[in-house]
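The values are calculated or read from the model by the stated rules, or taken from the named source; none is laboratory data. All figures in this text were calculated on a predicted structure; none of them were measured in a lab. So basically every Cβ, Gly included, is an ideal-geometry build from the backbone, and we count neighbours across all protein chains shown. Just so you know, the surface numbers come from the protein's heavy atoms only, side chains and all, with ligands and any DNA or RNA stripped out. Shrake-Rupley method; radii C 1.70, N 1.55, O 1.52, S 1.80 Å.
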Amino acid sequence: MSTVSSQVEVPAGVTLPIYMDNHATSPLDPRVLEAMMPFFTSKFGNAASRNHSFGWEAEQAVEIAREQIAKLIGATPKEIIFTSGATESNNLAIKGIAEMYRERGNHIITQVTEHKAVLDTCKRLEKYGYRVTYLPVKADGLIDLEDLKRAIDDKTILVTIMAANNEIGVLQPIREIGKICHEKGIIFHTDAVQIIGKVPFNVIEDNVDVASISAHKVYGPKGVGALYVRRRNPRVQIAAQIDGGGHERGMRSGTLNVPGIVGLGKACEIAREDMATEAAYLTKLRDRLKDKLESELDYIHINGSWEHRLPGNLNMSFVYVEGESLLMGINDVAVSSGSACTSATLEPSYVLKALGLGDDVAHSSIRFGLGRFNTEAEVDYVAAKVIDIVKHLRELSPLYEMVKDGIDLTKIEWQAH
Amino acid sequence: MAYSDKVVDHYNNPRNVGTLDKASQEVGTGLVGAPECGDVMRLQIKVNPETQVIEEAKFKTFGCGSAIASSSLATEWIKGRTVEDALAIKNTDIVKELSLPPVKIHCSVLAEDAIRAAIGDWKKKNGVPEGEHATVPAAQ
């Protein structure tokens, strides 16, 4: 009888469960929490209160945060608009530009592996008479710049392409995309959520006009984000999507989440200071994980470009093993799967499918998202555990047995259901 | 997803994992599902030609925890039954036993299909017409 439960030893200094899902969210850095704390209690003023010191104090803290964020991305403080998070930032950017520039055109270009906050926003705009081109990606997850050039027409007002993908960590050639857009006088928005604080991102050098930012992906608090909106060359205008008191230069009304904003600012400051060393550290951890897995397991492969990738991302398919059952075997490790056996549709990740992966391989994928607080010992434990469970599950897998027996799985008439 | 203790138990200690000789006259093999759908079950039975009792059952499954548990449970249930009696097992019995959530009912259907496919293969090999009833009393 085969047993799936693993006997892998937990190394000294490792506490279970281990968190390796930093693309979903990241833990709050204690330094960020410390900066936020006073703004919940003693410094509780409304940043819009102009008549007393409580308001001034809050406003000053918000302005410091604006500077910290601007500094990280090469912007000026006035170009930072606070929102509730990246979903709102993406909605505000895309809908706000679509509305503001409607007379100039109705065509928007995006790509198939965007986050749903972009794709679903674009789909909604299609209902209101906008045309949207969804660019395909190549097998490595990158868009083809020639496809982009061909898609542009005289009605194109906006190109929205993410800087780094949340599943496969692939970095799009945003600098070149921005250049193409600027030559044609088209606004370039990027969902910068995953790239912020991980690798250098500069709105001037990277030719970005509008960028979405989220605090909780960079060791800040949940429920707060920002939108960078360029003020010159070109000056970008955005129609407000929430009506109210005209906060944030009229683009986003609503009382500011002062503690959250302070946290976002602090998180950006830390990220800017630590980025270089942290990226090197995460690359080392990620490569260690990959090397260990590759040395012990056959039929595994990396999804998405290895060269153009976030340092902390490893998205791997363990072929002939289903992702969800693999997660079940490593239930003391928090990672994600591109398999969708938990969803009603049973459709695997649309991002992995866009790379041209077969559904079977997509069902077998795991996303490891390494972060600032992961250690080498944790990586060693996770690698050992994954190797152990994959081997056990392959003993259980009819597909692995058939392949080992030399049977071509593509020649079998499967009865899909 | 939170699984029932029974699913976790079958996942951790799958019963009757293995492979029977596909070429044997006494063995029936059922292969159901598809890799693209995220689950493939192979269920095999070894039937006593005299009594038509399933003396051995083996499975291998590519799939989620519920798929593994459903096929593991299926092998336990069919062992010791006659082929006709094994056909009486319904996916709803599996759902109930494993407390599968609605989204996982699919896995139990696959297990029922696997039983039927294995028995169908055995019947075909042995020239037993589909739907013919066993000549010996059910072994329960």
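Values computed for the structure shown
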quantity	calculated
For residue A:375: the one exception among (1) within 13 Å of chain B (Cβ to nearest Cβ); (2) closer than 15 Å to residue A:20 by Cα	(1)
Contacts under 7 angstrom Cβ, first residue in region A:79-91 being of a type in the set (Asp, Glu), partner assigned to a helix (DSSP H, G or I), 6 or more apart	A:79/A:70
Residue identified as under 24 Å from residue A:113 (Cα atoms) and either within 16 Å of the chain's Cα centre (by Cα) or crowded, with 21+ Cβ neighbours inside 10 Å (or both) among A:338, A:356, A:265, A:329	A:338
Residue selected from region A:294-326 under the condition of a type in the set (A, V, I, L, M, F, W, C), open to solvent by less than 10 Å² (accessible area, probe 1.4 Å) and more than 21 Å from residue B:35 (Cβ to Cβ), by the criterion nearest to the other protein chains (Cβ to nearest Cβ)	A:314
Residues (part of a strand (DSSP E or B) and within 13 Å of chain A (Cβ to nearest Cβ)) located in region B:1-33	B:17, B:29, B:30, B:31, B:32, B:33
Residues satisfying the stated conditions in region A:103-116, i.e. open to solvent by 10 Å² or more (accessible area, probe 1.4 Å) and in contact (Cβ under 8 Å) with a residue 12 or more places away in the chain	A:104, A:106, A:112, A:115
Residue, surrounded by the fewest Cβ atoms within 10 Å (Cβ to Cβ), within region A:189-241, restricted to residues that are closer than 24 Å to residue A:173 by Cβ and among the aromatic types (Phe, Trp, Tyr)	A:201
Helices (runs of 4 or more DSSP H) wholly inside region A:30-144 containing at least 3 residues that are in contact with a strand residue (DSSP E or B) (Cβ under 8 Å, 6 or more places away or on another chain)	A:53-73, A:86-100, A:116-127
Subset tally (residues that are touching a residue at least 40 places away in the same chain (Cβ under 8 Å) and part of a strand (DSSP E or B)) for region A:172-218	8
Region A:377-416: number of residues that are touching a Ser or Thr at 6+ places or on another chain (Cβ under 8 Å) and under 19 Å from residue B:19 (Cβ atoms)	7
Whichever residue in region A:381-417 is in a helix (DSSP H, G or I), within 9 Å of chain B (Cβ to nearest Cβ) and not charged (D, E, K, R) and, among such residues, is nearest to residue A:299 (Cα to Cα)	A:400
Enumeration of residues in region A:342-391 that are in contact (Cβ under 8 Å) with a residue 12 or more places away in the chain and among the basic types (Lys, Arg)	A:367, A:372, A:385, A:391
Residue B:58 vs. criteria among the basic types (Lys, Arg), open to solvent by 40 Å² or more (accessible area, probe 1.4 Å) and in contact with a Gly (Cβ under 9 Å, 6 or more places away or on another chain)	yes
Condition met for residue A:169 (in contact (Cβ under 8 Å) with a residue 60 or more places away in the chain and surrounded by 17 or more Cβ atoms within 10 Å (Cβ to Cβ))	yes
Hits in region B:90-104 (condition: open to solvent by less than 70 Å² (accessible area, probe 1.4 Å) and in a helix (DSSP H, G or I))	B:91, B:93, B:94, B:95, B:97, B:98, B:103, B:104
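Residues are listed down the side, and each one gets a yes or a no for (1) within 27 Å of residue A:69 (Cα to Cα); (2) polar (S, T, N, Q):
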{"residue": "A:259", "(1), (2)": "yes, no"}
{"residue": "A:264", "(1), (2)": "yes, no"}
{"residue": "A:269", "(1), (2)": "yes, no"}
{"residue": "A:276", "(1), (2)": "yes, no"}
{"residue": "A:283", "(1), (2)": "yes, yes"}
{"residue": "A:288", "(1), (2)": "no, no"}
{"residue": "A:291", "(1), (2)": "no, no"}
{"residue": "A:296", "(1), (2)": "no, no"}
{"residue": "A:300", "(1), (2)": "no, no"}
